[in-house]
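Asks: The following block contains the structure, expressed as structure tokens.
The values are calculated or read from the model by the stated rules, or taken from the named source; none is laboratory data. Everything numeric in this text was worked out from a predicted model, so none of it was measured. All Cβ positions, glycine included, derive from the backbone under ideal geometry; neighbour counts span all protein chains shown. Please note that ligands, DNA and RNA were not included when accessible areas were found on the heavy atoms of the full protein model with its side chains. Shrake-Rupley method; radii C 1.70, N 1.55, O 1.52, S 1.80 Å.
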Amino acid sequence: MNLHQWLNALHIFTAIIWTGGILVMAVAAGWCARTAGSNGNAATALAADIRGWSRRVTTPAMAVMWLMGLAMVVAHGQFPHAWLIIKLLLVVLLSAVHGILSATLRRFAGDEGRSLSGLARNATPVIVVAVAAIILLAVFRPF
């Protein structure tokens with residue numbers, strides 16, 4: 001096995017952890033926003049727990065995934081193909097969603113209001129569609 005295979009394996013492993021983590025963040029943020037009036041203490045506790053998990057697991061997984069992906073691009077030594085550029089743009093979008101969800105959960109954990117921004121409100125379908133597109137681009141490399 002060569003270095004590229006190890007980088008790719010670690011890239012895929014951390015991408016799975018990261019995308020699972022941001023999906024949990026999206027679902028938890030939606031639940032916290034919906035149950036603010038009836039279950040405020042539970043929503044605050046859930047937001048704090050998910051936020052802690054994100055800081056310990058999801059965010060480091062994102063960082064390692066980015067590092068391994070960039071290392072593979074640099075090691076390849078050629079200008080990335082169109083499919084890879086599109087994939088990178090989708091990963092940037094997912095990174096932004098991660099940041100928005102992190103901020104949303106920070107507000108919920110601090111009991112600073114329970115409203116969701118447009119992207120946070122629609123985070124789950126955005127994540128699912130972006131991850132599906134990334135997988136299709138990486139497997140089929142259409143262009």
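Asks: As a test question: what accessible area, to the nearest 10 Å², does Leu3 have when a 1.4 Å probe is rolled over all protein chains in place?
Replies: Ignoring ligands and nucleic acids, Leu3 comes out at about 120 Å².
Asks: Evaluate the relative contact order of the chain (contact order divided by residue number), counting alpha-carbon pairs under 8 angstrom at least 6 apart; express in whole percent.
Replies: Relative contact order of the chain: 37 percent.
Asks: Shape verdict for region 38-94, please, from the Cα gyration tensor: rounded (a/c under 1.5), prolate (a/b greater than b/c) or oblate.
Replies: oblate
Asks: Follow-up question, since we're still on this one. Given Cβ point charges of +1 (Lys, Arg) and -1 (Asp, Glu) and nothing else, what value in debye, to the nearest 20, does the dipole of the chain about its Cα centre take?
Replies: The calculation lands at about 100 debye.
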